[in-house]
Amino acid sequence: MAALRSYRVLDTPPEPEFDALVQLAARICQAPIALISLIDDRRQWFKAEVGLGVRETPLDRSICLSAILGSGLTVAQNLTEDLRFSTNPLVTGEPHLRFYAGAVLRTPDGLPLGVLCVLDRVSRDLTPDQAFTLETLAQQVMSHLELRRAVAERDDLLEVSRRAEQRQALLVRELHHRVKNTLATVQALVGATGRSSGSFDEFYCSFSNRIISLAKTHNLLTEDYWQKAPLREIALSELKPFVESRQPRFMLIGPHVEISADLAVPVGMALHELTTNAVRYGALSVPGGYIQIRWNVVETDGGRRVLLEWREFGGPPVNEPQHQGFGSTLLQRVLPMQCNANVEVQYDTKGLQFRMDAPLVEQRLVPAY
């Protein structure tokens, strides 16, 4: 069965080369019926036929099922007198078959797939020339099946190659887009960090940490061809230094969700700024403080959206900053402009609260494997 299906011929439309072979077999053998019969697990299916008028029959009506068990040519001069076929419905009823001759169709490995056969409604025999020709035509049937499979395998390889080339082109486009965006982001980081730094050492430290945060997000994106990254992993990459603390310092609560690159990069940077601020002034600046990050995905008329909330607990009292630094600018201006996100920042005395509601980009540029 596996060998038969590897030829991918079952239930295919008629093809001239196979039709010509059964017509030739019928003419040379002077038989009204000729078939290329392939034996499946529940039926015999005819790739080509002359004189029968159907494309398949159940196995309980199959004479060829017994013929494929033999070697070489099977000839039954009178089906009514042959114990293998005498009770077959095609012999006892319409079309009242009496004569059968079939040459087995064998793969190069010797596996029988079916039979090229001729049938008649009167008892008779084949001449030696007719028997030789029938076996030769059976070999031609197998040659056509082998050629057909080779062409199909070639087409499969060409399609795989075409998809690989398409994927490569898309990867190059995405890489080009990602590099341009990254360079623009780095340029913006340089300017923003420089304006908010009081000294070169402060600038170097802040800028280096922001570049490291950007690199962490990009490492996650490269695992999926710069397409998407898991939100949980993005958050965890920023809070990882606090994982081994004896006292839990953060909680991540939310379902598995992957966000596109154009959202993952600014969200990763936003979480970095929130973490840095929490370490300096917020919940992570004191031993008992902790952070809760909660997210969810909701369905709206405009598509799916991701809701993200950052809340700090147990830290010192929070006051709204007197001047807007890079972190505040990123949270309140960059995210809405770049990600079309709705953002809310609350400087609650109990702890900073940040909420973001942003659309999820579902379409992938590069198809997944």
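The values are calculated or read from the model by the stated rules, or taken from the named source; none is laboratory data. No experiment lies behind these values; they were computed from the predicted model shown. FYI the Cβ positions are ideal-geometry reconstructions off the backbone, even for glycines, and counts take in every protein chain you see. To get the accessible areas, we keep the full protein, side chains included, count just its heavy atoms, and leave off ligands, DNA and RNA. Shrake-Rupley method; radii C 1.70, N 1.55, O 1.52, S 1.80 Å.
Report, by residue number, each residue of the stretch 1-45 that is without any contact (Cβ under 8 Å) to a residue 60 or more places away in the chain, among the charged types (D, E, K, R) and not in a loop (DSSP other than H, G, I, E, B).
Scanning the stretch 1-45 gives R5, D19, R27, R43.
Please verify whether V286 is surrounded by fewer than 22 Cβ atoms within 10 Å (Cβ to Cβ), without any contact (Cβ under 8 Å) to a residue 12 or more places away in the chain and β-branched (V, I, T), treating the condition exactly as stated.
When the stated conditions are applied, V286 does not pass them.
Before we move on, is L284 at pLDDT 85 or above and over 30 Å from R163 (Cα atoms)? Step through it out loud before you land on a result.
Details: at pLDDT 85 or above: yes; over 30 Å from R163 (Cα atoms): yes.
So L284 fits the description; yes.
The rows are residues; the columns are (1) among the acidic types (D, E); (2) in a loop (DSSP other than H, G, I, E, B); (3) at pLDDT below 90.
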{"position": "K47", "(1), (2), (3)": "no, no, no"}
{"position": "L52", "(1), (2), (3)": "no, yes, yes"}
{"position": "T57", "(1), (2), (3)": "no, no, yes"}
{"position": "D60", "(1), (2), (3)": "yes, no, yes"}
{"position": "S66", "(1), (2), (3)": "no, no, yes"}
{"position": "S71", "(1), (2), (3)": "no, yes, yes"}
{"position": "S86", "(1), (2), (3)": "no, yes, yes"}
{"position": "L97", "(1), (2), (3)": "no, yes, no"}
{"position": "L105", "(1), (2), (3)": "no, no, no"}
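A76: out of contact with any helix residue (DSSP H, G or I) (no Cβ under 6 Å at 6 or more places or on another chain), farther than 14 Å from D125 by Cα, surrounded by 18 or more Cβ atoms within 10 Å (Cβ to Cβ) and not hydroxyl-bearing (S, T, Y), yes or no? Before the answer, list the steps.
Details: out of contact with any helix residue (DSSP H, G or I) (no Cβ under 6 Å at 6 or more places or on another chain): yes; farther than 14 Å from D125 by Cα: no; surrounded by 18 or more Cβ atoms within 10 Å (Cβ to Cβ): yes; not hydroxyl-bearing (S, T, Y): yes.
Spelling it out, it is not the case that A76 is out of contact with any helix residue (DSSP H, G or I) (no Cβ under 6 Å at 6 or more places or on another chain), farther than 14 Å from D125 by Cα, surrounded by 18 or more Cβ atoms within 10 Å (Cβ to Cβ) and not hydroxyl-bearing (S, T, Y).
Table: residues versus (1) modelled with pLDDT under 90; (2) open to solvent by less than 30 Å² (accessible area, probe 1.4 Å); (3) of a type outside the set (K, R); (4) more than 30 Å from G327 (Cβ to Cβ).
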position: G114; (1), (2), (3), (4): no, yes, yes, yes
position: R121; (1), (2), (3), (4): no, no, no, yes
position: Q166; (1), (2), (3), (4): yes, no, yes, yes
position: A184; (1), (2), (3), (4): yes, no, yes, no
position: G191; (1), (2), (3), (4): yes, yes, yes, no
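Quick one: in the stretch 292-314, of everything that is in contact (Cβ under 8 Å) with a residue 12 or more places away in the chain and among the charged types (D, E, K, R), which residue is surrounded by the most Cβ atoms within 10 Å (Cβ to Cβ)?
E312
Given the structure, is R304 at pLDDT 85 or above and basic (K, R)?
Criteria met by R304.
State whether one or more residues within the stretch 239-248 are touching a residue at least 60 places away in the same chain (Cβ under 8 Å) and under 25 Å from L360 (Cα atoms).
no
Return only the number of the condition from (1) under 15 Å from A138 (Cβ atoms); (2) free of Cβ contacts under 8 Å to residues at least 12 places away in the same chain; (3) surrounded by fewer than 17 Cβ atoms within 10 Å (Cβ to Cβ) that G53 does not satisfy.
Tallying (1) under 15 Å from A138 (Cβ atoms); (2) free of Cβ contacts under 8 Å to residues at least 12 places away in the same chain; (3) surrounded by fewer than 17 Cβ atoms within 10 Å (Cβ to Cβ), G53 fails exactly one: (1).
Within the group R42, R27, which residue is more than 11 Å from V118 (Cα to Cα) and open to solvent by 50 Å² or more (accessible area, probe 1.4 Å)?
Sole residue among the options that is more than 11 Å from V118 (Cα to Cα) and open to solvent by 50 Å² or more (accessible area, probe 1.4 Å): R42.
Would you mention how many residues in the stretch 315-341 are outside any helix (DSSP H, G or I) and either open to solvent by less than 50 Å² (accessible area, probe 1.4 Å) or in contact with a Pro (Cβ under 7 Å, 6 or more places away or on another chain) (or both)?
Looking only at that region, the number is 6.
When you go through (1) in contact with a strand residue (DSSP E or B) (Cβ under 7 Å, 6 or more places away or on another chain); (2) under 23 Å from E17 (Cβ atoms); (3) without any contact (Cβ under 8 Å) to a residue 40 or more places away in the chain one by one for S62, which number turns out not to apply?
Failing condition for S62: (2).
Condition check: of a type in the set (G, A, S), surrounded by 11 or more Cβ atoms within 10 Å (Cβ to Cβ) and modelled with pLDDT under 75. Does A152 satisfy that?
Answer is no for this residue.
Looking only at the stretch 271-286, how many residues end up being charged (D, E, K, R) and more than 44 Å from the chain's Cα centre (by Cα)?
The qualifying residues number 1.
Which number in (1) open to solvent by 20 Å² or more (accessible area, probe 1.4 Å); (2) of a type outside the set (S, T, Y); (3) within 21 Å of Q30 (Cα to Cα) marks the one condition that A138 misses?
Just one mismatch for A138, condition (1).
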